[in-house]
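The values are calculated or read from the model by the stated rules, or taken from the named source; none is laboratory data. Everything quoted here is computed from the prediction, not taken from an experiment. Note that each Cβ is placed from the backbone with ideal geometry, even for glycine, and that neighbours are counted across all protein chains shown. Heads up: the accessible areas ignore ligands, DNA and RNA and are worked out on the full protein's heavy atoms, side chains in. Shrake-Rupley method; radii C 1.70, N 1.55, O 1.52, S 1.80 Å.
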Amino acid sequence: DNWLLLGAILQHTLVADIAPPLFVLGIAPIIGSADLPKAVTRHFAEGTLPARVWSFNTRPLVAVPLWSAVLLTVSIPVVFDYTVQHPVVHAATHLALFSTGFVMWWAIINPLHDVGTDTGMGRVMAVAASRGAAALVCLPLTFLNTTLFSYYSNLPRGFSISPINDQRLAGASMR
């Protein structure tokens, strides 16, 4: 991601959109297991502060806007340019993208709850809302005729891709 915006956007897509649902699907059977140590389960027992915070944050009406806010904030050109030039901030950005993505996908996948009367439409709407937020980032990148990220516009060009084509490929790769 040091030469092409495409590489940075693919990295962010992996961290925010691909890894979190896979992690949710992989960790849910472990968390749902009765074999967890009591020292772990007592901290997340129903009614405890961590359980209440988790329950609140994994509501789709909370998780999707939170993820969207992080995605949109880190995609502001001046913020993005600053982030890629400062490794600690870049790592914190990845942590924010992954953690809010994990919470959002936990809310959507809902791996530990009985489906019951849930028709799934709320989760479908949550996915649609998250894709709408992502479209606010990827569509301008794909269709604008000017580059948005000065950091990547001024780097040596990898693979002889022009800055505008790099940006368009980055936007198209998001969805």
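Which residue is nearest to Gly7 (Cα to Cα), if the candidates are limited to region 133-167 and must be in contact (Cβ under 8 Å) with a residue 40 or more places away in the chain, open to solvent by less than 40 Å² (accessible area, probe 1.4 Å) and small (Gly, Ala, Ser)? Taking the candidates together, the pick is Gly158. Pairing each residue of region 77-105 that is farther than 22 Å from Val64 by Cα and among the charged types (D, E, K, R) with any residue that is open to solvent by 50 Å² or more (accessible area, probe 1.4 Å) and part of a helix (DSSP H, G or I), provided the two are 6+ apart or on different chains, yields C-beta distances under 8 Å for Asp81/Ser150; Asp81/Tyr151.
Here region 1-25 is the region considered, the condition is being at pLDDT below 90 and not hydrophobic (A, V, I, L, M, F, W, C), and the residue that is surrounded by the most Cβ atoms within 10 Å (Cβ to Cβ) is Asp1.
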